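Following: one structure in structure tokens, then a few remarks.
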Amino acid sequence: MENLPFSVLIISSIVKILFIAHLLIIGVMAMIWAERRVSGWMQDRLGPNRVGFQGILQPIADGIKFLFKEDLIPDHVDKPLYVLAPAMVLIPALVTIAVVPFGSSITVLGHEISLQVADINIGILYILAITSLGVYGVVLGAWASNNKYSLLGGLRSSAQMISYELTLGLAIIGVLMLTSSLHLRAIAEAQGAYPWHWNFLIHFPAFLAFTTAMFAETNRLPFDLAEAEQELVAGYHTEYSSMKFAMFFMAEYMHMIVGSAVTVTLFLGGWHFFGLENIGGPVWSGVISFGIFFAKTAIFLFVFIWVRWTLPRFRYDQLMNFGWKFLLPVTLTSIVVTGTLWIITGSRLVVGIGNAVAGFIVVSIVAGLLVMDAPKPAMQDSDNPLTPTALNAIE
Amino acid sequence: MNAEQILFILFGAVSLIGAVAVISFRHPIYSALSLVVTFFAQAGLFLLLGAHFVAAVQVIVYAGAIMVLFLFVIMLLNLGTLSVKGAIGGKLKGFAIILGILLAIEGIYIATNVLNNTAIAAAQPATAAPNTTTYDIGELLFSKYLLPFEVTSLILLAALIGVIVLVKRSSNDSI
């Protein structure tokens with residue numbers, strides 16, 4: 001990477017940026033279509049299937065509709081921030097993908113070009129930094145709308161995102177300790193070709209916690225309290241219409257795609273799959289490795305949709321309890337166990353087993369304490385199916 | 001003028017404009033956002049120094065966590081626009097004038113030193129320290145600076161517990 005001539009570096013970077021940015025936007029369109037079709041399938045109905053083959057052009061029709069709608073700015077809003085907010089949601093989602101390695105490398109005209117826009121030393125810290133900025137757009141949009149529903153949605157969202165960011169950051173520490181690098185490419189390469197070498201088995205509790213926190217960061221069901229329709233109309237984007245609403249909408253899907261890509265890199269072996277990525281010369285191996293990465297991300301995205309249409313929404317106190325009393329202890333234990341076992345034994349197998357056992361013990365202890373600590377049925381709405389006990393069942 | 005200097009001037013200017021905007025905006029939300037802009041520009045300055053870790057931490061801790069909490073509080077209290085008279089009371093005026101004079105003297109001192117190049121020459125060995133990567137910082141924190149590191153974390157822990165105790169007591173009283 002370093003020994004590329006300057007002109008090659010510039011041209012390859014521009015090509016990579018154009019490619020990945022467009023892939024992201026096309027991916028958003030594909031995701032919107034997939035979500036509507038999959039949700040239709042899960043609810044035993046059809047979903048959009050009129051525009052194009054199987055409705056595949058539906059997102060384009062939606063986009064045209066959004067673009068030609070009147071760009072309404074209500075009178076009572078704080079105009080500069082109201083206009084700024086959708087962009088501030090979209091930009092963090094877009095720029096995160098820059099550090100994600102989406103394949104091994106391609107050799108073109110004798111130059112080895114790695115499939116990653118920016119190969120920086122502090123890749124993970126960059127992702128955490130940018131993710132932590134995503135909350136600004138939501139908060140500002142909520143506040144600038146000057147609407148009580150919006151403000152409540154924004155407050156919920158910021159509290160939730162701050163709480164789950166802790167888990168997000170701490171869950172990565174175990175991976176960092178075993179790789180001893182913040183470099184995303186190094187982490188992906190260190191995981192090796194076979195699924196039983198990948199980080200999600202070694203750090204299983206941390207992987208689950210990371211995935212859950214990722215769901216919370218994208219504000220999707222079962223964590224979509226910021227826009228709970230029954231309570232808050234549409235939450236922080238109640239006052240938004242036309243393309244500005246579409247930007248919030250696109251940002252949500254972009255967050256999902258980027259989140260999946262990051263999870264695949266950190267926990268699911270990146271572009272590795274049974275050595276398939278080494279087949280076929282310097283050019284095709286790069287293409288195949290990208291294909292493997294793409295497929296893994298797509299499968300993970302399906303899980304996002306699957307979870308959304310299967311799990312009910314948390315109540316707000318349950319959300320906070322879940323974040324602070326389940327995920328945080330699990331990740332903290334995982335850090336201690338990983339560090340200790342890694343220093344003593346130096347074996348990934350032992351670390352993996354230790355993590356799984358420790359995670360199980362922590363979850364049981366916390367669940368037991370919560371059940372004992374739960375309010376008496378007389379105080380609680382006993383008909384509510386989502387009492388803390390039911391929450392434990394979900395966990 | 002090379003690219004690094006251009007970037008330095010850019011980040012420095014943005015940082016200064018943001019800092020001035022913090023105290024000139026009447027509305028607390030705009031002030032808080034200007035502060036975020038300043039933090040970003042400073043992270044850029046850290047990047048120019050090669051301190052990648054510090055830059056990332058600057059964004060994560062200040063822009064990503066602390067300022068979000070600030071915004072949260074401002075929104076929760078729904079603070080309105082501050083009037084200038086309310087912001088600077090009569091008693092504080094004298095204090096502000098004294099501090100302003102001190103600051104001006106300091107500024108003049110630095111400016112003259114920079115023009116004579118003495119300060120830059122004196123500061124050169126400190127800025128040339130190579131230990132700016134994450135690995136080096138981690139090693140220093142856990143060997144040479146272990147005690148200060150642990151003491152700092154204890155102080156933070158004490159503050160955390162203090163807050164929880166205070167909040168707990170008041171909520172018990174109200175029930």
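No lab work stands behind these numbers, since they all come straight from the coordinates. The model shown is predicted, which means the values in this text are computed figures rather than measured ones. We place every Cβ from the backbone using ideal geometry, glycine too, and count neighbours over all the protein chains shown.
In order along the range A:152-167, the Karplus-derived 3J(HN,Hα) couplings, from 6.51 cos²θ - 1.76 cosθ + 1.60 at θ = phi - 60°, round to 4, x, x, 5, 4, 4, 5, 4, 5, 5, 5, 5, 7, 4, 4, 4 Hz, and Gly and Pro are given as x. With neighbour counts taken as other beta-carbon atoms within 10 Å, the residues B:Phe70, A:Phe360 rank, fewest first, as A:Phe360, B:Phe70. Listed from fewest to most Cβ neighbours within 10 Å, the set B:Arg26, A:Arg45, A:Arg308 follows the order A:Arg45, B:Arg26, A:Arg308. Going from the residue with the fewest nearby Cβ atoms within 10 Å to the one with the most, A:Arg348, A:Arg220, A:Arg50 rank A:Arg50, A:Arg348, A:Arg220.
Residue by residue along B:55-64, Cβ atoms of other protein chains within 10 Å of the local Cβ number 6 on average. Listed values for the range A:282-299 are Karplus-derived 3J(HN,Hα) couplings in whole Hz (6.51 cos²θ - 1.76 cosθ + 1.60, θ = phi - 60°), namely x, 8, 5, 4, x, 5, 5, 4, 5, x, 5, 4, 4, 5, 4, 4, 5, 4, and x replaces Gly and Pro.
Here the Kirkwood formula puts the hydrodynamic radius of the range A:173-273 at 15.3 Å, using every distinct Cα pair. Shielding by partners for peptide A:177-185, expressed as the average number of C-beta atoms from other protein chains within 10 Å of each residue's C-beta, is 1. The lysines within cross-link reach of A:Lys65, meaning a Cα-to-Cα straight distance under 20 Å and a gap of 8 or more places when in the same chain, are A:Lys244. Computed over the range B:1-83, the percent of Cα pairs more than 21 Å apart is 35. Every helix of 4 or more DSSP H residues in chain A counts as -39500 (n - 2.57), and over all residues that averages to -21500 deg cm²/dmol at 222 nm. May I ask which of A:Lys79/B:Lys168; B:Lys93/B:Lys168; A:Lys79/A:Lys296; A:Lys69/A:Lys148; A:Lys79/B:Lys91; A:Lys148/B:Lys91 have a Cα-Cα span longer than 30 Å here? Pairs exceeding the cut-off: A:Lys79/B:Lys168; B:Lys93/B:Lys168; A:Lys79/A:Lys296; A:Lys79/B:Lys91; A:Lys148/B:Lys91.
At q = 0.09, 0.14 Å⁻¹, what log₁₀ I(q)/I(0) does a Debye calculation on the Cα points of chain A give, no solvent, two decimals? With one equal scatterer per Cα and no solvent, log10 I(q)/I(0) is -0.59, -1.34. In order along the range A:84-94, phi translates into HN-Hα couplings of 6, 4, x, 5, 6, 7, 6, 4, x, 5, 6 Hz, rounded to whole numbers, per the Karplus curve 6.51 cos²θ - 1.76 cosθ + 1.60 with θ = phi - 60° and x for Gly and Pro. Take each residue in A:155-161, count the other chain C-beta atoms within 10 Å of its C-beta, and the mean is 2. Near the amide H of A:Val108, within less than 5 Å, lie the amide hydrogens of A:Ile113, all on another chain or at least 5 residues away, with H placed in the peptide plane.
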